[in-house]
Each structure stands twice: as structure tokens, then as C-alpha cells.
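Colleague: Take this structure, written in C-alpha cells, and hold onto it; I'll ask about it next.
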Amino acid sequence: MKNITVAGGGVLGSQIAFQTAFCGFDVKIWLRSEESIGRTKPKLERLYNIYKTTLNEAKKELGTGKVFPRGLITDSSKINESDIDRLLAAVDKAYNEIKLTTSLEEACKDADLIIESMAENPEAKVAFYKSLDPHLEAKTIVATNSSSMVPSQFREYLSRPQQYLAIHFANNIWISNTAEIMGHSTTSKDAYEAVAKFASDIKMIPLRLKKEQPGYILNSMLIPFLNAGQMLLANEVADPATIDLTWRLGTGSPYGPFQILDIVGLNTALNIVSNNPLSKDPTTVQGKIKAILEKYIAEGKTGVNSGEGFYKYN
């Protein structure tokens, strides 16, 4: 694989694209509109600054035994100053060479892999795949980064379903460098292994699922945890800071549920809860959670990338 297209420039879409470009691939991001391009550029700039800052700090800490983010430096024990200089150059190259386009034809041209990283909205994904399919080349593999839906839900909308599967990334991809690979019943072994190899090539650890599972492995555990935190807030048991503090003190975890929600992005959290029919009833827990998220989003508090969610960020 050489040419990779990411469809969607949200929290994870921008991270996938930047990490892929950082690892030497030619990368395009397909976006719905010029407005979407305007929203994506600051995300790429933020990632550029994070990668540069992290690598420059690593250069100062060489020889201290510190373990650096695995998505940037695979083996902290073997890295030297020249290696970091090459990685810093790769960051510059990635930032300068990622292409943003609103043309599906351009996005699909000569693409080896297209990663769909759209909102968790099944109707929107169906519409995207229907629009995408006529432009796909015979060689192109398509993978969804959906966090809660399985590929068999959408394979019928693609002419070559055997070249369609799922690859799911954790947030803060340069730190939590996992890629869950999940096929459906007719995904070809070649496509599956090609995507697993791509994951390794961008410094991810490929985690192979044996069967379809909504939420994969990570979100099958994470979503109930986040729902439990949101339930406590919706039922006015405690405020977000107290809920998070309780979890951190009780488990030693670095993050509580609302800190994680800010990282994931409140729009994604809203899309997930909105897929539950109970969210249509404002008296249910799901309906209350939906109302809370809608209020934050309406105020522009969508999480880390906007500078504020349940918490404020510099």
C-alpha cells in the first residue's frame, strides 16, 4: 500500500491521516465541504504541534530510561538523536503533504486503502458508501473506523464486499497505538491481512478479531463504562469532576469517564446514544444523557479539540 485516503476529518479521522502520513504514506482526506476543510485544518495543526513537541522533549530525555509514545517511537531503548531528527522531518513532511479534497473522484484515484471515519450515523454511512462505490478502483480496499457498528451492516452498498472490513483505532493514536481488525463473513483473507500489515506499517499493534462484534474489543468494554459515568450525571448523583475523581482514586486510572468523553469528542458520544431508541424519550436515562450532550455541543463545548467539553483546555 502507498496511497491512503481517509474519509472524514474529525477527531479520529485527522489522527489516522496524520499518523499515516507521518509513517511515509501518501495521504488524502476527503471532506464534505469547504467548511469541513476549514474545521479539519486546525486539527492537523494541533497534531503537528503535539508530534513536534513530543519528539523534541524525547530528544532532551534520551538516556533517561523514559518510555516514549509507541506510535512515534517504537522502541525507546534503541532511539538516538539522529533517529529523532529523521522523525521530526517526517512530521514536517506529513503536515505539508497531506491533501484535503471535497472530490470523491480525486479521493478514490489510485487509492490502495480508503478508511471511512465518518460520524456514527448509519444513514450517513449508507449515503457515503452509495456515493463512493462508483468511483472505487478494482484494487481499492475499504475499511470503516466505526466505533460501534459492524461491517456487515454496510457491505451490500459496495460492489466488492470481499474488500470491505473494519479497522478501529483508539483515541490519541500516537500514544494508544492499537488497531482492531474485524472482517465480516465474506471479507477476503488477502484484504484482511493487507489491512493488518498496514496497521503495523503505521506503528499500530494489529488486534485481530475472530468474528464481528459491535464495539469491537475496546469499545465493548469502554462504552458501558462511559454510559455508567453519564448515568450518574444524568441522575444527578454527582458532578463530572467528582465522578472522574472517584474513578481515578479508586482504580489508579489516569482518566475518568468525562475526561475520556472529552478526548473522544462529545459529537461522537451524542451519535452513539442517539442510536439507542430509548434516547427519544426525555424521561429515560438515555434521553437525559442526550439532552446533556446536546446542551454542551450547542455551546460549542465539544471536547479537547474545541478547547472545552466537560473541562477547559489550553
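Any read-out appearing in this document is the output of simple, stated calculations on the displayed coordinates, not a laboratory observation. Here the structure is a predicted model, which means the values were calculated and not measured. Glycine gets a Cβ as well: all are built from the backbone with ideal geometry, and neighbour counts include every protein chain shown.
Colleague: Can you tell which of Phe22, Phe128, Phe169 shows the greatest fluctuation in a Gaussian network model of the chain with Cα springs below 10 Å?
Modeller: Comparing Phe22, Phe128, Phe169 in a Gaussian network model of the chain, the most mobile one is Phe128.
Colleague: Which of rounded, prolate or oblate describes the chain when judged by the alpha-carbon gyration tensor and an a/c cut-off of 1.5? Provide the component values of the computation, followed by the final result.
Modeller: Details: a/c = 1.59, a/b = 1.09, b/c = 1.45.
In terms of gyration-tensor shape, oblate.
Colleague: Where does each of Thr251, Thr187, Thr5, Thr140 land when they are ranked from fewest to most other beta-carbon atoms within 10 angstrom?
Modeller: Values: Thr251 9, Thr187 24, Thr5 28, Thr140 21.
Lowest count first: Thr251, Thr140, Thr187, Thr5.
Colleague: Mean residue ellipticity at 222 nm from the helices of the chain, using -39,500 (n - 2.57) per DSSP H segment of n ≥ 4 over the full residue count, to the nearest 500 deg cm²/dmol? Present the calculation step by step, with values, prior to reporting the outcome.
Modeller: Numbers: 11 runs with 145 residues, N = 314.
So the helix-based figure for the chain works out to -14500 deg cm²/dmol.
Colleague: Arrange the following residues from fewest to most other Cβ atoms within 10 Å of their Cβ: Phe154, Phe18.
Modeller: The most exposed by this proxy come first: Phe154, Phe18.
Colleague: Over the chain, what is the relative contact order in percent, taking alpha-carbon pairs closer than 8 angstrom and at least six residues apart?
Modeller: Details: 525 pairs, mean separation 45.8, N = 314.
Relative contact order, the chain: 15 percent.
Colleague: Among Asp262, Asp281, which comes first, then next, by fewest other beta-carbon atoms within 10 Å? Write down the numbers at each step before the final one.
Modeller: On the way: Asp262 25, Asp281 12.
Sorted ascending by nearby Cβ count, the order is Asp281, Asp262.
Colleague: Just to be sure I understand: with springs between alpha-carbon atoms less than 10 Å apart, which residue in Lys28, Lys125, Lys109 has the highest mean-square fluctuation in the Gaussian network model of the chain?
Modeller: Lys109
Colleague: In whole angstrom, how long is each semi-axis of the equivalent ellipsoid of the range 33-82, when you take the square root of 5 times every eigenvalue of its Cα gyration tensor and sort them from largest down?
Modeller: Value: 31, 10, 7 Å, ordered largest first.
Colleague: How high is the FRET efficiency from Glu57 to Glu34, r the C-beta distance, R0 41 Å, rounded to 0.05? Kindly include the intermediate steps, with their values, before the conclusion.
Modeller: Details: r = 36 Å, r/R0 = 0.87.
Result of the calculation: an efficiency of 0.70.
Colleague: As an exercise, identify the GluC sites (Glu not before Pro) in the range 213-299 lying in DSSP coil whose Cβ has no more than 15 other Cβ atoms within 10 Å. Don't skip to the end; give the middle numbers.
Modeller: Details: sites: Glu236, Glu294, Glu299; in loops: Glu236, Glu299.
Listed in order of number, the matching sites are Glu236, Glu299.
Colleague: Still on this model: Compute, for the range 3-208, the length of the dipole vector about the Cα centre, with Cβ point charges of +1 (Lys, Arg) and -1 (Asp, Glu) only. Units Debye, rounded to 20.
Modeller: Values: 25 positive and 26 negative charges, 71 e Å.
It works out to roughly 340 debye.
Colleague: Hey, got the dipole for the range 220-306? About the Cα centre, +1 on K and R Cβ, -1 on D and E Cβ, debye to the nearest 20? Walk me through the intermediate numbers first.
Modeller: Working: 6 positive and 7 negative charges, 26 e Å.
In debye, rounded to 20, the range 220-306 gives about 120.
Colleague: Next question. At a Förster distance of 35 Å, what's the computed FRET efficiency of Asp75 paired with Arg46, Cβ-Cβ distance as r, to 0.05?
Modeller: On the way: r = 26 Å, r/R0 = 0.76.
Rounded to the nearest 0.05, the efficiency is 0.85.
Colleague: Under unit Cβ charges (Lys, Arg +1; Asp, Glu -1), what dipole magnitude, rounded to 20 debye, does the range 112-200 have relative to its Cα centre?
Modeller: Details: 7 positive and 10 negative charges, 23 e Å.
Result for the range 112-200 is approximately 100 debye, rounded to the nearest 20.
Colleague: Rounded to the nearest 5, what % of DSSP beta bridges with both residues in the chain are antiparallel? Intermediate results must be reported in sequence, preceding the final value.
Modeller: Details: 6 of 29 bridges.
About 20 percent, rounded to the nearest 5.
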